[in-house]
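Undergrad: Mind having a look at this structure? Questions to follow.
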Amino acid sequence: MARVRGSKSLAAIIAQRIGQAIIAVVAVLTIGFVLLNLAPGDPVVYIMGDAGNPELAARIRERLGLDASLVVRYTTYVESVLSGQLGRSYVYGRPVFDMILSRLPATLLLFTSQFLVSSIAGITLGVLAAYRKGSWLDRTVMAVSISGYSVPVFWSGQLLILFLGLYLGWFPTFGMRSLQTDVDPILDVVWHLALPTLALALLFTALIARLTRATMVEALQEDYITTARAKGVSEFAVVRHAARNALLPVVTILALNVGQAMSGAVLTETVFSWPGLGRLMFDGISSRDYPLVLGLFWFISLIVIAANLFADVAYALLDPRVRYR
């Protein structure tokens, strides 16, 4: 909980958040392991397919360690994580950590592009709507943002595929690269990136725009803004000073969007067959690949926790009055 300048320094805030992050990681590992192992489905059945051989199933179960109790398997998994290993995929037979690293660049590319698009577009639209409060621009931005936030990512992705991909033929509808060899590889990736980026950015642009407008309207009504205008300060400078204070809550939302973007990436990457962590998560869940899914849980949780730690530090740096209990 934030309060005015007081007891805790920035170093103390960081140390406290790191301690909370360790507890959160342990909780994610424990809850994820228990829920995944208690969920319906059997990886052995997926591996064997239609071959109903009990002896073969028993050998596979023993080789994968699935014949041990839940407590023993959990202890073994925690030991492997502490040793820097995330296990080996049941289905692919590869180290989980290597699989995550191979898919990470595609997800980072998608996340970075949508983050830049949604942040710039959302903040700009929110500031303009607040400055023109009550105008047609304000009403249009709010109506579009409500619609954008209400539409699920997988549905907006399918609409984009239908109209911009299939009907108009402007963008490819799946994958990260074309089969053609005469296309510039960078432009080809950007071309494939357009639709999944837009599908994710629509959701977060709407959220950021609404929050920015609300905080900006409040900031423009402050006494220091009235005083600045009375002194003849230009409107550009007035808006700039108001935006600096109004964007503080937006920093928190941008950090929270990391977790939402990761969950949204599972649907988006599946719809567009984008070869990232989200698609890998979908494949792992479908095949009951426990080490792969748990490794992704652990990795994504670290990213989300790090983003929230960054938000706490950035909030304290942007506003020196802010300190935490």
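Undergrad: Rank-order 168-177, 266-275 by packing density, defined as the average count of other C-beta atoms within 10 Å over each peptide's residues, highest first.
TA: 266-275, 168-177
Undergrad: Using θ = phi - 60° and the Karplus form 6.51 cos²θ - 1.76 cosθ + 1.60, what ³J(HN,Hα) does each residue of segment 140-146 get, whole Hz, x for Gly and Pro?
TA: Taking θ as phi minus 60°, the curve returns 5, 4, 5, 5, 5, 5, 5 Hz for segment 140-146.
Undergrad: Turning to a different aspect of this structure: Among LYS231, LYS133, rank each residue by its count of other Cβ atoms within 10 Å, from fewest to most, as a rough exposure measure.
TA: LYS231, LYS133
Undergrad: Moving to a separate point now. Which one, VAL25, VAL71, VAL189, has the greatest fluctuation when you compute a Gaussian network model over the chain with C-alpha springs under 10 angstrom?
TA: In the Gaussian network model the winner is VAL71.
Undergrad: Shifting gears a bit: Which of TYR74, TYR167, TYR90 moves most in a GNM of the chain, Cα contacts under 10 Å?
TA: TYR167
Undergrad: So if each residue of separation counts as 0.36 nm, and I subtract the Cα-Cα distance between VAL233 and PHE174, what length gain in nm does that give?
TA: Details: separation 59, 0.36 × 59 = 21.24 nm, distance 5.09 nm.
Full-extension gain reported as 16.1 nm.
Undergrad: With unit charges on the beta carbon (Lys/Arg positive, Asp/Glu negative), name the residue among LEU302, SER178, ILE120 whose Cα is farthest towards the positive pole of the charge dipole of segment 2-324.
TA: Value computed over the given set: ILE120.
Undergrad: On to the next question. In degrees, nearest 10, range 0 to 90: what is the angle between the Cα axis of helix 235-246 and the longest Cα principal axis of the chain?
TA: 40 degrees
Undergrad: If I model a spin label at VAL26 and VAL189 as a point 7 Å from the Cα along the Cα→Cβ vector, what separation in nanometres do I get?
TA: Computed distance between label sites VAL26 and VAL189 equals 4.0 nm.
Undergrad: Still on this structure: What residue among SER156, PHE33, SER69 has its Cα farthest toward the positive end of the dipole of segment 1-157, where the charges are +1 on Lys, Arg and -1 on Asp, Glu, each on the Cβ?
TA: SER156
Undergrad: Another question, then. For helix 248-271, report the angle its Cα long axis makes with the longest principal axis of the Cα atoms of the chain; keep it between 0 and 90° and round to the nearest 10°.
TA: 40 degrees
Undergrad: Working from Cα positions, state the angle (0 to 90°, nearest 10) between the long axis of helix 54-64 and the longest principal axis of the chain.
TA: 50 degrees
Undergrad: Check which residues have an amide H placed less than 5 Å from ARG88's amide H, if you skip close sequence neighbours.
TA: When sequence neighbours closer than 5 places are left aside, the close amide H contacts are VAL96.
Undergrad: Compute the FRET efficiency between VAL71 and THR112 as 1/(1 + (r/R0)^6), taking r as their Cβ-Cβ distance and R0 = 35 Å, and round to the nearest 0.05. Mind showing how you got there, number by number?
TA: Details: r = 41 Å, r/R0 = 1.16.
My answer for the efficiency is 0.30.
Undergrad: Still on this structure, I have one more. Calculated from DSSP H runs of 4 or more alone, at -39500 (n - 2.57) each and per residue, what is the 222 nm mean residue ellipticity of the chain, nearest 500?
TA: -24500 deg cm²/dmol
Undergrad: Taking θ = phi - 60°, what integer Hz values does the Karplus form 6.51 cos²θ - 1.76 cosθ + 1.60 yield along segment 18-31, in sequence order, with x for Gly and Pro?
TA: Ordered by residue, 3J(HN,Hα) equals 5, x, 5, 5, 4, 4, 5, 5, 4, 5, 5, 4, 5, 5 Hz.
Undergrad: Select from ALA21, ALA230, ALA57 the residue whose mean-square fluctuation is largest in a Gaussian network model of the chain (Cα-Cα springs shorter than 10 Å).
TA: Fluctuation is largest for ALA230.
Values in this text are rule-based calculations from the coordinates and carry no lab data. Just so it is clear, the structure is predicted and the values come from calculations on it, not from any experiment. Heads up, the Cβs are rebuilt from the backbone with ideal geometry, glycines too, and the neighbour counts pull from every protein chain shown.
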